[in-house]
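Chemist: I have a structure I would like to understand better, so I am pasting it below and will then ask my questions one at a time.
The values are calculated or read from the model by the stated rules, or taken from the named source; none is laboratory data. Being a predicted model, the structure only gives us computed values, none of them experimental. Cβ sites come from the backbone with ideal geometry, for glycine too, and all protein chains shown count toward neighbours. For accessibility, only protein heavy atoms count, side chains too; no ligands or nucleic acids. Shrake-Rupley method; radii C 1.70, N 1.55, O 1.52, S 1.80 Å.
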Amino acid sequence: MMTATVKLASRVRRLGYVLAFCFLAQVLWDVPGTWALNNGLARTPTMGWLHWERFMCNVDCQEDPDSCISEKLFRQIAELMASDGWKDAGYEYLCIDDCWMAPKRDSQGRLQADPKRFPGGIRRLADYVHSKGLKLGIYADVGNKTCAGFPGSFGYYDIDAKTFAEWGVDLLKFDGCYCDSIKHLADGYKRMSLALNRTGRSIVYSCEWPLYMQPLFKPNYTEIREYCNHWRNFADIYDSWQSIKNILDWTSSNQEKIIPVAGPGGWNDPDMLVIGNFGLSWNQQVTQMALWAIMAAPLLMSNDLRHISPEAKALLQDKDVIAINQDPLGKQGYRLRKDNNFEVWERPLLNLAWAVAMVNLQEIGGPRAYTISLTSLGQGLGCNPDCLITQLLPVKRKLGFHEWTSSLKIQINPTGTVLLRLEKANLTSLKNFH
Ligand code: GLA
């Protein structure tokens, strides 16, 4: 009996080594990078704040002085990002979306900020944002107009890139409304990328190129990655659970296409974090945070940092979850399984660690138990031959040492997620664990 167990254990270990080798070979084989946009930026997903989902195109500073798109709003958010732990947590880019512009270009054809709402112009705002140790993002559009109808960049790519660089802008979100043709769209995205590069300033380039090609044309992600630091694939996020579910469904249905292309320098962008707003329950906010970490998504919050609950703030600033999002290996996770209204997602991390997210999608009843066998995780290697497991969300707790052949039973709240981190159990980690 004893010999049989030993033999089985050694066979299991051998199988483990073979799997480990295959996995390493795969990791080394498909590390993207050499063919990413060569601007040295976004080596991990961009983190920051973007005004669109929460503040939209509110230009009425008379009626709504506290929430209109204005210099004042961005200065207040910059101040809070620096003073309330956001910057320290990694949220660095403060980004302006649509509706910052004056309705017309200036006499020399340059874009200009609305003079009433941005009395000091973008230059003064950029200086202020930089003085807080942050970076400034701006918005423009590849077509004839922005989506909200302000001047588009078509015919002005070089002038606009130069203007942004002179102002001290550090990120450009380039939208895709009002393009006459698919050729205009593709040429425009490429030309703006080259124009930004020529300015010599480091400017993260955030695209919506694939979103505007679909469903009529198939995006060439290899090409898109050569020009953009991140790219939106899917419709705008709303402050609702339905919207989060749509984004997750689209991502998992297209994962074979979009995951291999993500990596340091270029990321799939499932759109803003809406945590801290009105539409998501606590469990749904946990789900968004966990899954955006698994998807290696840019973490661009769109909320009101002046009015945010301590719970939402702690969730958004959770350093263990952010560490998964920012993992230096830069491999995007994927959906492993969907069964009985549960989904299991996983993501490979540095040092053969894994993140695993289990979502309970059933919207009736209470918490449900999900039992997962550890052999099925991390392509057979997540816990091979054994591992230390820490639950990170919804609350942090150590789940201890586990063997490959064991299984884990986890309770998950309706529409909530349990996020785990699996690590190899070597001597040091064992010591730190206890
Ligand atoms: C599009 C984009 C949004 C936002 C708006 C602004 O819909 O996808 O993210 O930038 O335009 O008008």
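Chemist: With a bin width of 5 angstrom, please list the P(r) values of segment 264-410 as percents of all Cα-Cα pairs, from the 0 bin to the one holding the largest distance.
Modeler: With a bin width of 5 Å, the distribution comes to 2, 9, 18, 21, 21, 15, 9, 3, 1, 0.
Chemist: Quickly work out the residue 314-to-residue 178 label distance, labels modelled 7 Å from Cα along the C-beta direction, and quote it in nm with one decimal.
Modeler: 4.6 nm
Chemist: Right, next: In µm²/s, what is D for the chain at 4 °C and 1.567 mPa s, where D = kT/(6 pi eta Rh) by Stokes-Einstein and Rh is the Kirkwood radius from Cα pairs? Intermediate results must be reported in sequence, preceding the final value.
Modeler: Values: Rh = 22.8 Å.
My calculation gives 57 µm²/s for D.
Chemist: Within segment 119-141, what residues put their amide N at less than 16 Å from the label point 7 Å along the Cα-to-Cβ vector of residue 110?
Modeler: 119-127
Chemist: Taking the Cα centre of segment 54-198 as origin and charging only Cβ (+1 Lys, Arg; -1 Asp, Glu), how large is the dipole, in debye to the nearest 20?
Modeler: Values: 20 positive and 22 negative charges, 96 e Å.
Result for segment 54-198 is approximately 460 debye, rounded to the nearest 20.
Chemist: For the chain, what is the charge dipole size about the Cα centre, in debye to the nearest 20, if Lys and Arg each add +1 at the Cβ and Asp and Glu each add -1 at the Cβ?
Modeler: Values: 47 positive and 45 negative charges, 287 e Å.
In debye, rounded to 20, the chain gives about 1380.
Chemist: Right, something else. Convert each backbone phi in segment 115-130 into a coupling constant with the Karplus relation 6.51 cos²θ - 1.76 cosθ + 1.60 (shift: θ = phi - 60°), then list the ³J(HN,Hα) values in order as whole Hz, x for Gly and Pro.
Modeler: x, 6, 7, 10, x, x, x, 6, 4, 5, 5, 4, 4, 5, 4, 5
Chemist: Still on this structure, please answer the following. Once every DSSP H run of n ≥ 4 in the chain is given -39500 (n - 2.57) and the sum is divided by its residues, what mean residue ellipticity at 222 nm do you get, rounded to the nearest 500 deg cm²/dmol? Present the calculation step by step, with values, prior to reporting the outcome.
Modeler: On the way: 15 runs with 151 residues, N = 434.
Computed ellipticity for the chain at 222 nm equals -10000 deg cm²/dmol.
Chemist: Which one, 318, 60, 175, has the greatest fluctuation when you compute a Gaussian network model over the chain with C-alpha springs under 10 angstrom?
Modeler: Checking each option, the largest mean-square fluctuation is seen for 60.
Chemist: Still on this structure, please answer the following. What does the convex hull of the Cα atoms come to per residue for segment 165-279, in Å³?
Modeler: Details: hull volume 15.0 nm³, N = 115.
Given the Cα convex hull of segment 165-279, per-residue volume reads 131 Å³.
Chemist: Cut-off under 22 Å on the C-alpha distance; same-chain residues fewer than 8 positions from residue 173 excluded. Which lysines are left, in chain and number order?
Modeler: In chain and number order, the partners are 72, 87, 104, 132, 135, 145, 162, 183, 190, 218.
Chemist: Please report the accessible area of residue 305 (heavy atoms, 1.4 Å probe, ligands and nucleic acids excluded) in Å², nearest 10.
Modeler: Accessible area of residue 305: about 10 Å².
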